[in-house]
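Have a look at the structure below, then the notes.
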Amino acid sequence: MKKINFLLFCFILLTINSMAQNEIQIKPLNATLEFDGKVSEPAWKLCQQFPMTMHFPVYNSAPSEKSEVYITFDDNYLWVGAILYYENVSNMVSSSKKRDEESENSDAFGILLDSYNDNENALGFFTMPSGLKIDYAVSNDGQGGGPGPGPGGSKNYTWNSYWDVKTVTTEDAWHVEMRIPFSSLRFQSVNEITRMGLIINRNVSHNNEIDTYPAIDTKYGRDANTRPSLSQTIVFEKIQPRNPVYISPYVLGGTTRSYELNEAGDNYVKNDDPEFTGGLDVKYNLNNNLTLDFTVNTDFAQVEADDEQVNLTRYSLFFPEKRLFFQERNGIFAYELGGPQELFYSRNIGIAQGEPVTIYGGARLVGRLGKWDVGFLDMNTAEFNGTPAENFGVARLRKQVINESSYIGAILTSRIDFDGNYNVAYGLDGIFKINELDYLNVKLAQSQDKSIDAELLSLDPTFFSIELQRRAEEGLLYEGKYAYWGKNFDPKSGFIFLNNIHELRGSLGYGWFPGEKSSIFNYSLEADFELTKRMEDGKIERMEIAPQFKMDLKSGYGVFLSYGYIQEGVLHDFHLPDDIIIEAGDYSFWGFRSHFNTPRTKKVVASFGVDGGGFYDGKQFSANFEPEFNVSASLQLSAFYQLDKVKFSNTNQQFTNNLARLKATYMLNTKLSMSALLQYNELENILIINYRLRFNPRDGNDFYLVLNDLKFVDKTDLTPEPPSYLNRTIVLKYTHTFRL
């Protein structure tokens, strides 16, 4: 027995020693650094240095350009310094000055911090040679399905924080100094020891190259360089940040002029709606772990207009959340039901009937207590056009269990109006890491509504799903999911397409990485399967079997091809544009999808796709083209064009739609930018124009000038003849942040 105890003791010591060896102790700063953008002081050489390794295009190769990266800290800041060398500095690419630039055309450098070391969430702090700021939040271990901008997004560029960066270009390199206040990071200390996950990235644009620390295998995917679960654990001792209070009042003035048809429908009536108002946001860091936000008379006038979309389906369109108040660690509130469907969808707050609704105010608490991730939000909105005033609430808990990438959680949402109606939803979920690549996801949720008599133990108001997922792009690839949607499952604070269905999804395939000598980065062959059956009649709602081919070249070109067999079961007639009706019935047809993209590291970037084939009892053809022109570090141009043609020979009906967007962004410097967005939708016969000027002298201080215009394009057949525009708004907004 003593021998067994001795062996167990030795095993524990070896385990602790191994864990310690896998962690890197960050050395405190022992001198003063001049924050000027140039990594020249001798003190930098005494800091912890991090060697870089090529991630893309050839994993684990020596980087083509030399990098020196240092990290240290003092009482208030995390300091990051980098000297990014070139054999020929003329190869350096600097193509933007815009805050939160998303393109990959420019050289870039930055870090991701998994500040709670939870292997799920991270905060990104990046820059380019121009010295611009890029900050974003990563959720769901970078796997998609999070609340980012766009369906399936897990990288949220709308999140902004308080930090500083400066850059300097020399004859053989560009230098970076970052100064990130610990008060801008949420973290947890145990016995004055703080552990965080770290990933360092450098983009070398002229070589289409990504270098990282630590070395991150591309078998997890090209974007594995932003996955918190693959980060390096770093350790700080005795960091005790201040917990400032940020008070951000705003003032807003503007006017809207609109024209609407009178009751007789024979004339347009002008309506002027001037506005002068103000509001207040307060951010208070209760401690290292928890942030409390208050908002009064919340306003989002500066948010860019949504992209126009054409709906050729029976289901609702999804639009991403762009409003800043809902962004910080919003991954905590994520409870994905499938695709963009969520148990909690923050765009329900303050938007009704497609129009903005006054938000009186609310509070938001996010952070960590012990091993629990905590999220709480409560908001009140005003009555609008027959929709009563409402209260929205959500509470979320998640806890790490079993291993570093497994969680269990619970969520509660509520939507209560002041007419006495209510809807609540609640759920449990778990994500379990089985091995290095495989994950099991389980969810169980219910909703209860005043208007529906549903029993707690009934399946009618219940959602259930179980999913097995392989997170890799090399070797055997698979994913399988079953979901049950009860007929009374309807979370009003969320976003869902339909209920009363069984859903079965799966994919099976194989991926290859040809190796260093090949021009191909990776390619894969997969077969996707989807089956949705209605429970009320047992028939198919939708089924698709689609073989797919995907390939990415090391040069940056990519291709996706799919050809599948589709069945659609239409229970009720539904309408398409131009009064075309798809009658109830069962349909089967074949469809083709494709997508191509050019390298995103070039001055001119383009992506385009072609879809076609059957469409219920007709034919459909769609094509889209999206070019981007990085003209200079001060000017960017982009466009989007989509053509949709649908034809039904049996009924001699058809429609064609053209959808187009043009966007120009001019950046005088990293603080002042102007953008113009024009959108044309042929089906709606409208042109939407959105101008924005933003002056951001420092974090928390913003001045916006916003102009919105809506007009008919073709007035030929319209009676009475409409005015030159239907709606025109001009808004001036200034926000000033005080730090106490």
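So here's what we get for this one:
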| read-out | value |
| --- | --- |
| Close pairs (9 angstrom Cβ cut-off, 6 or more residues apart or separate chains): free of Cβ contacts under 8 Å to residues at least 12 places away in the same chain and at positive phi in the stretch 576-592, in a strand (DSSP E or B) and surrounded by 12 or more Cβ atoms within 10 Å (Cβ to Cβ) anywhere | Asp579/Gln653 |
| Filter pass, Glu328 being modelled with pLDDT under 90, under 22 Å from the mean Cα position of the chain (by Cα) and farther than 29 Å from Trp485 by Cβ | yes |
| Test: residue in the stretch 43-51 that is at pLDDT below 95, among the polar types (S, T, N, Q), under 19 Å from Asp211 (Cβ atoms) and not in a helix (DSSP H, G or I) | yes |
| Subset of the stretch 117-135 [of a type in the set (A, V, I, L, M) and part of a strand (DSSP E or B)] | Ala122, Leu123, Ile134 |
| Which listed residue is assigned to a strand (DSSP E or B), touching a Lys or Arg at 6+ places or on another chain (Cβ under 9 Å), surrounded by fewer than 18 Cβ atoms within 10 Å (Cβ to Cβ) and free of Cβ contacts under 8 Å to residues at least 40 places away in the same chain, from Tyr478, Tyr439 | Tyr478 |
| Pick from the stretch 52-76, criterion of a type outside the set (Phe, Trp, Tyr) and not in a loop (DSSP other than H, G, I, E, B), ranking: farthest from Asn522 (Cα to Cα) | Thr72 |
| Residue that is nearest to the chain's Cα centre (by Cα), among those in the stretch 655-679 that are free of Cβ contacts under 8 Å to residues at least 60 places away in the same chain and farther than 25 Å from Thr167 by Cα | Lys663 |
| Checking Arg415 against (1) outside any strand (DSSP E or B); (2) touching a Phe, Trp or Tyr at 6+ places or on another chain (Cβ under 7 Å); (3) in contact (Cβ under 8 Å) with a residue 40 or more places away in the chain, the condition it does not meet | (1) |
| Some residue of the stretch 285-297 being farther than 30 Å from Phe182 by Cβ, modelled with pLDDT under 90 and either assigned to a strand (DSSP E or B) or touching a Lys or Arg at 6+ places or on another chain (Cβ under 9 Å) (or both) | yes |
| Candidates Glu526, Glu536, Glu544 - the one that is surrounded by fewer than 17 Cβ atoms within 10 Å (Cβ to Cβ), touching a residue at least 12 places away in the same chain (Cβ under 8 Å) and more than 25 Å from the chain's Cα centre (by Cα) | Glu536 |
| Exclusive hit being modelled with pLDDT under 95 and of a type in the set (Gly, Ala, Ser), set Ser594, Ser555 | Ser555 |
| Index of the failed condition, Leu683 passing every other in (1) over 30 Å from Phe621 (Cα atoms); (2) over 25 Å from the mean Cα position of the chain (by Cα); (3) part of a loop (DSSP other than H, G, I, E, B) | (1) |
| Filter pass, Gly409 being within 28 Å of Gly509 (Cα to Cα), among the small types (Gly, Ala, Ser) and either touching a Lys or Arg at 6+ places or on another chain (Cβ under 9 Å) or buried (at least 19 other Cβ atoms within 10 Å of the Cβ) (or both) | no |
| Residues within the stretch 552-603 that are assigned to a strand (DSSP E or B), surrounded by fewer than 17 Cβ atoms within 10 Å (Cβ to Cβ) and within 24 Å of the chain's Cα centre (by Cα), tallied | 5 |
| Leading residue by the ranking (surrounded by the fewest Cβ atoms within 10 Å (Cβ to Cβ)) among those in the stretch 689-740 that are closer than 24 Å to Ser183 by Cα and within 25 Å of the chain's Cα centre (by Cα) | Arg698 |
| Pairs where the first residue, in the stretch 498-509, is under 15 Å from Gln341 (Cβ atoms) and free of Cβ contacts under 8 Å to residues at least 60 places away in the same chain and the second is assigned to a loop (DSSP other than H, G, I, E, B) and among the polar types (S, T, N, Q), C-beta under 9 Å, 6+ apart | Asn499/Asn488; Asn500/Asn488 |
| Residues located in the stretch 33-89, provided they are closer than 19 Å to Gly131 by Cβ, surrounded by 18 or more Cβ atoms within 10 Å (Cβ to Cβ) and of a type in the set (A, V, I, L, M) | Leu33, Val39, Val69, Leu78, Val80, Ala82, Ile83, Leu84 |
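The values are calculated or read from the model by the stated rules, or taken from the named source; none is laboratory data. Not measured: the values here are computed from a predicted model. Ideal geometry is used to build each Cβ from the backbone, glycine not excepted, and the neighbour counts take in all protein chains shown.
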